[in-house]
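Next up is a structure, given as C-alpha cells.
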Amino acid sequence: MFKNYADVDTFATQEGWTKMSESKRLDLIKQKISEHNEFEVIHPTRSQEDGQVFIELTEELPASKRGIMLLSFEALLKENIDQGINVWHEPIDDKNKLRKLRGIVVKS
Amino acid sequence: MSHVINTNRVNGDNFVETKEGNLILDSHKLPFHYDRVEAWENGEKIAPVTVDMALTRACGAMCSFCYAIMQEPQERRGIKVQDALNLLDDFAEIGVKGVSLISDGESTLSKAYVPFIQHAATLGIDIGNATNGWEWKPDKIEQVLPYMTWVRFTVAAGRPESYSKIMFKGPEDTQVFDRAMSHIKYAVDLKKKNNLECTLGIQMVLTPEFKDEIIPFAQLAVDLGVDYGVIKHCSDDEYGTLGIDYEKYENMYDLLEEAENMSTDDTKIIVKWDKIRDKGVSSYNRFYGPQFLLQISGSGLVAPSGMFFNARYSKFHMGNFTEERFIDIYKSDRYQRTMNYLGSPHFDAQTMMGTLPIQHYVSVALDNHIKGIRRIEKPTDSEPLHVNFL
C-alpha cells in the first residue's frame with residue numbers, strides 16, 4: 001500500500017546533535033563505522049548542524065553497491081544518532097575539458 | 001503572417017494548438033497514463049512511462065547554463081552499441097513507452113545513436129532528442145528523422161555572436177551557429193518534403209543576463225520554420241553553483257509575452273510560464289516524479305533523477321546498465337528502496353536537490369493528487385502530441 005507522507009514534516013536534527021561539536025559528531029560517526037565492518041570503506045569528512053554528513057569512499061565501488069550501502073549507513077546513523085542526519089558523498093567537479101574553461105566549481 | 005494567442009488552459013493544464021495537434025510543453029501528460037497513476041497509488045511497482053537519458057557524457061559545446069557541469073558521477077563508462085540496444089529491449093519488456101535523448105551528454109556523438117533510434121522504432125518505443133545539432137549532419141538526419149517523434153535543438157540565442165558566446169568559446173566563433181542553422185534547415189526541409197510527423201523545435205534556456213536575446217530567438221524560430229520555439233528557465237543546484245537569480249525573471253515577463261505574440265500559424269513561441277513563475281521553488285517536499293520519468297546518465301549510471309548524477313548523491317545511485325542489465329536494476333530491491341526513500345520524510349525536494357528538475361511538472365501533479373488538491377483524472381480529450389513523453 002502506498003504510504004502517503006506528502007504532508008509530513010521532513011525529519012530535522014534534534015538538540016542532542018545540534019549542540020554537539022563537529023569533532024564530537026565525527027567521532028560518533030566513526031565509532032558506528034568501527035562497529036560495522038560493512039561500512040569500513042566510508043570516511044566521514046565533515047558534519048553540519050543541519051544533519052548533513054559528508055563522506056568519501058576509500059575504495060571504488062560500483063553504482064550497484066555504493067548506493068544501497070550508503071542508504072543503509074544513513075539508516076544506521078538515523079536509528080542510532082539522529083533521525084535528521086543525511087549522508088552525502090563529497091561532490092565531484094565536471095571533468096569535461098571544454099566546460100571547465102568556464103571556471104565553474106560545484107558548490108557544496 | 002497571422003499573430004495568434006497560442007496558450008490554452010483546460011482544467012489548469014497548458015497546451016498549445018498546432019497544425020499537427022495539441023502540444024503540451026508547460027505541463028504534463030499523466031492523465032493519459034492513468035493506469036500507472038492508479039497502480040502507483042495502490043502501492044504497486046510501476047515502470048517509468050518515459051526515460052530521459054544520454055548515450056554519452058561527451059559534448060563539444062560549453063554552454064554557460066549547462067546542468068551537466070554539476071552531474072559528474074564517479075565513473076565515465078563508454079556505452080557500447082550492444083549495451084544501448086539491450087537497454088531498449090529491457091525498456092520494451094517492462095513497458096517504457098518513450099525515450100528522450102537529452103540528459104547529460106550530446107547523444108548525436110555516440111556510435112550507438114543511429115542504431116539506438118532505429119531499434120527503438122522496431123520495438124514501438126517513441127524517441128525524442130535534444131541536441132545542439134552541430135554533428136547532426138544530413139546523412140545522420142536522413143537515417144533517424146523518419147523514426148523520431150520530436151527533435152529539439154538547443155539554441156541559446158537568436159544572434160550568431162551571442163549564441164557562440166553562450167554555447168561555445170566566444171562571440172567570434174560563429175561557425176557553430178552557422179553549422180547548427182544549416183542542419184536545422186535541412187531537417188525542416190526534409191520533414192516537409194517527406195511529410196514526416198516529427199515535431200521540430202528550438203529551445204532557449206533563459207538566464208536573466210541574456211534577456212536581450214528573447215526577441216531575436218523568437219524571430220529566428222519563425223524564420224527557420226520550425227514548429228515551435230520554447231523559452232524555459234535555467235535550473236541550478238541547491239547550492240546555487242550557476243548563480244541563477246530567479247527573482248530577475250519577473251523583469252522579463254513583458255518581453256516573454258511579446259515573444260509569444262510573434263507566434264505564427266506555422267511556428268508557435270511557447271514560454272514555460274509555470275516553471276518560470278515558480279522561481280526555483282517547488283511546491284512539493286516528496287519527490288514522486290522519478291517513478292514515472294526516470295533518468296539515466298551518459299555514463300550508464302541509473303539514478304532516479306539527473307539531479308542525482310553527481311557523486312554527492314551516491315546514495316541514490318542504483319546501478320549502471322553497462323555493468324548489469326537494466327531490467328535487473330529495475331527489479332532489484334535497491335531500485336524500490338531508493339524510490340521509496342524519495343517519497344518519505346527522510347527526503348525533502350525543497351532543500352536536498354537542485355531546482356525545477358525534468359520531473360517537476362509530474363511531481364507537482366502527483367503531489368497535488370495525493371494531497372487531494374487536484375486529483376489526476378482519466379482524460380476526456382484526445383491524446384496530445386508526444387503523449388509518451390511526460
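FYI, it's all coordinate maths here, none of it is from the lab. A quick note: this is a predicted structure, and the numbers were derived from the prediction, not measured. Cβ atoms come from the backbone with ideal geometry, glycine included; neighbour counts cover every protein chain shown.
Taking Cβ-Cβ under 4.7 Å as the only way to count a partner, pick out the unpartnered cysteines of chain B.
Among the cysteines of chain B, those whose Cβ sits 4.7 Å or more from every other are B:Cys59, B:Cys198, B:Cys234.
To the nearest 20 Debye, how big is the dipole of chain B about its Cα centre, given +1 on the beta carbon of each Lys and Arg and -1 on that of each Asp and Glu?
Using Cβ point charges on Lys, Arg, Asp and Glu, chain B gives about 620 debye.
Also, I was wondering about something else. I want to check the label-to-label distance for B:Asp333 and B:Gln82. Put each point 7 Å from Cα in the C-beta direction and report it in nm to one decimal.
Each label point is offset 7 Å from its Cα along the Cβ direction, giving 3.1 nm.
Roughly how many debye, to the nearest 20, is the charge dipole of segment B:16-165 about its Cα centre, given +1 on each Lys and Arg Cβ, -1 on each Asp and Glu Cβ, and no other charges?
Roughly 520 debye, rounded to the nearest 20.
Which of the lysines could be linked to B:Lys279 by a straight reach, that is with a Cα gap under 18 Å, when you skip same-chain ones fewer than 8 residues away?
B:Lys211, B:Lys232, B:Lys248
Put a dot 7 Å past each Cα toward the Cβ at B:Lys193 and B:Gln143; how far apart are the dots in nm?
1.8
Taking the simple approach of a point 7 Å from Cα along Cα-to-Cβ for both A:Asp9 and A:Leu26, what is their distance in nm?
It works out to 3.1 nm between the two label points.
Going Cα to Cα from B:Lys185, which lysines come in below 20 Å? Please leave out same-chain ones fewer than 8 positions away.
Within the straight-line cut-off, B:Lys185 pairs with B:Lys19, B:Lys137, B:Lys140, B:Lys193, B:Lys268.
Output the antiparallel fraction of DSSP beta bridges having both residues in chain A, as a percent to the nearest 5.
55
Which of rounded, prolate or oblate describes segment A:9-97 when judged by the alpha-carbon gyration tensor and an a/c cut-off of 1.5?
Cα axes put segment A:9-97 in the prolate bin.
Of the DSSP beta bridges with both residues in chain B, give the percent that are antiparallel, rounding to the nearest 5.
Taking every DSSP beta bridge within chain B, about 25 percent pair in antiparallel fashion.
On to the next question. I'd like to know which of B:His369, B:Pro31, B:Phe292 lies farthest towards the positive end of the charge dipole of the protein assembly as shown, counting +1 on Cβ of Lys and Arg and -1 on Cβ of Asp and Glu.
B:Phe292
Tell me the net charge near B:Glu324. Cut-off is 13 Å between Cβ atoms, B:Glu324 excluded, with +1 for each Lys or Arg and -1 for each Asp or Glu.
+1
Using the Cα centre as the reference, give the magnitude of the dipole from point charges on the C-beta atoms of segment A:9-97 (Lys, Arg: +1; Asp, Glu: -1; all else neutral), rounded to the nearest 20 debye.
With only Lys, Arg, Asp and Glu charged at Cβ, the dipole is about 100 debye.
In terms of the Cα gyration tensor, with a ≥ b ≥ c the square roots of its eigenvalues, is the protein assembly as shown rounded because a/c is under 1.5, prolate because a/b exceeds b/c, or oblate?
prolate
Nearest 10 degrees is fine. How inclined is helix A:63-80 to the longest principal axis of chain A, computing both from alpha carbons?
30
OK, next. Name the residue from A:Ser72, A:Leu101, A:Pro91 whose Cα lies farthest towards the positive end of the charge dipole of chain A, charges +1 on Cβ of Lys and Arg and -1 on Cβ of Asp and Glu.
Projecting each Cα onto the dipole axis, the largest value belongs to A:Leu101.
Cβ neighbours within 10 Å, averaged per peptide: list B:49-55, B:93-99, A:57-63 in order, most packed at the top.
Taking the mean over residues of other Cβ atoms within 10 Å, the ranking is B:49-55, B:93-99, A:57-63.
Also: Setting aside same-chain residues fewer than 8 positions from A:Lys78, which lysines have a Cα under 29 Å from its Cα?
By straight Cα distance, A:Lys78 reaches A:Lys3, A:Lys19, A:Lys24, A:Lys30, A:Lys32, A:Lys65, A:Lys107, B:Lys45, B:Lys315, B:Lys331, B:Lys371.
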